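Please treat every number below as a calculation from the coordinates, not as lab data. Treat the numbers as computed from the prediction; the structure is a model and nothing was measured. In this analysis, Cβ positions are derived from the backbone assuming ideal geometry, glycine residues included, and neighbour counts consider all displayed protein chains.
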Amino acid sequence: MSGGLFRGRQELEADEARRLALFAIRSSEATRRGGEDEGSPADYRLAFQRDRDRVLHSRAFRRLKHKTQVFVPHVADHPRTRLTHTLEVGQLGRTIARSLGLNEDLVEAVALAHDVGHTAFGHTGEKVLDEILRGGSPDLALPAAVTGEVGGFKHNYQSLRVVDLLERRYQRPGLGLADQVREGILKHTTWKVGFPFPVEDAASLALDRPCHLEGQAVAAGDEIAQQTHDLEDGLRAGAVGLDAVEELEVARRVIAEVGGPLRDERRRWLRQHLLVRGMIRLFVTDVIEASAHRIERFCSRHGISGHDGWVARSREVSQTTVWLSGDADELFGELKAFIYRFIINHATVNRQDWRARKVITALYRAFWTNPLTLPTYVLLRARDELGFPYLRDLPMASVAGEVASRYHASPGFARLVADHIAGMSDRFALEEYRALEQPAADQTFWGDDR
């Protein structure tokens, strides 16, 4: 119901349907596991807007501020963190969505949640946990019976696990997000139908189909944001020189497009910013134009003239419907190769990656070897989810036997340890490493306050 200037959900949904393109997902089409929807017809938030708000208020989202993107954030004020990266992805995703007439609320909900499952220390943390769980770590060997069943680790799957299970703010585990948001989170990067990972209600994710266009807009924004801000952070850190960047074909295109204001600028800091901004504009503009052309061709080929017609054929689109043109994709590939060679592979980045590998492996070894070093909430999860006795209630004499017979034989416990470590910020992981591996008298133990 609504009255005066107040507009309720039904009126908002009708207004949204009028302004969205025929190929956009309507908030009224949101589906949820079990069919539950805590909203009401009088709610003043649309379904995907409510999901966006739930992600924004989650603990996992707040922890992103202390997680590394590429350069360690706590040694300087300006390197991107996983949080600032996420905000940039949301901004680019919304820009693409608005121009194409896609659902901006859905795009932003996916963008804000897409990396909540990322580990500390960037992609190195992800790789180390995957190696440990699959039995491929050179420094830590779990029992073969465990590694044969527990599966691997990949951050987009873990992000889904976070919003489905690990966040605890409501009566049920997880955030209760719509299936369309969950699918976009998983598919913001590569996925496999049979990837060995515990996913809740996989049937609702259409694993054998491309993602919806809103999710593809997030994937495009993620790639563009990542490469351009890694370039800017690398320039600021001195990992690469501006002169070398300007030799790239994409830089030449930008300089030619911007003209005198960039070509004649002698202040290197301003020249650098103009160049990076120009790259973002070039790639985003190309995504919008190329995507609009592909969508138009798809609709024409299938005789689609209305939303119902689109819904009937929407799963037949390509995964790269919202993506760069062939020409721009070649420029983007050159930029990615350049960034990998001079920034991702830089000595400073590799030194912190080496440290990350050491820290995460040591933490996993400690928690696995002696589960009593884990916070109480993890042991309570082992009790509630795996049916194990709560270790702190057992006589000390029986703890070792219980750990050997149950905990060390359980793929579920191996996954709980991975969940705990994956949720850590860089700072917390380093604190725990110092507490367990480099003890000192003045250390503070945060315990369950995390």
Extension gain from Q10 to R45, taking 0.36 nm per residue of separation minus the Cα-Cα distance: 11.6 nm
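For the chain, give the magnitude of the charge dipole about the Cα centre (Cβ charges: +1 Lys/Arg, -1 Asp/Glu; no others), in debye to the nearest 20. Walk me through the numbers on the way to the answer.
Numbers: 61 positive and 64 negative charges, 94 e Å.
Dipole size: approximately 460 debye.
Averaging sequence separations of C-alpha pairs under 8 Å and six or more residues apart, then dividing by the length of the range 47-205, give the relative contact order as a whole percent. Walk me through the numbers before you get to the answer.
Numbers: 233 pairs, mean separation 35.7, N = 159.
The value is 22 percent.
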Normalised contact order of the range 350-449, rounded percent, pairs of Cα under 8 Å and 6 or more residues apart: 37 percent
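Can you give the extra length, in nm with one decimal, that the chain gains between E316 and Y377 once fully stretched, where that is 0.36 nm per residue apart less the Cα-Cα distance?
Values: separation 61, 0.36 × 61 = 21.96 nm, distance 4.40 nm.
Separation in residues times 0.36 nm, less the Cα-Cα distance, equals 17.6 nm.
Can you give the helix-only mean residue ellipticity at 222 nm for the chain, where every DSSP H stretch with n ≥ 4 adds -39500 (n - 2.57) and the sum goes over all residues, rounded to the nearest 500 deg cm²/dmol?
Details: 21 runs with 256 residues, N = 450.
After summing the helix terms and dividing by residue count, I get -17500 deg cm²/dmol.
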Post the alpha-carbon centroid distance, the range 116-178 to the range 376-405, in whole angstrom. 21 Å
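Rounded to the nearest 0.05, what FRET efficiency do D264 and R172 give with R0 = 51 Å and r taken as the Cβ-Cβ distance? Could you check?
Working: r = 60 Å, r/R0 = 1.18.
About 0.25, to the nearest 0.05.
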Taking the Cα-to-Cβ direction at E334 and at F195 and moving 7 Å from each Cα, how far apart do the two end points lie in nm? 3.1 nm
Please give the contour-minus-distance gain from A206 to D243: 0.36 nm per residue of separation, less the Cα-Cα distance, rounded to one decimal in nm. 8.7 nm
At R0 = 56 Å, FRET efficiency that the Cβ-Cβ distance of D308 and A397 yields, to 0.05: 0.25
Using the alpha-carbon centroid of each, what span in Å lies between the range 284-361 and the range 238-276? 24 Å
Simple SL model, points at 7 angstrom along Cα→Cβ for A21 and Q438; separation in nm is 5.2 nm
Round to the nearest 0.05 the FRET efficiency obtained for T348 and T285 when R0 = 45 Å and r is the Cβ-Cβ distance. 0.85
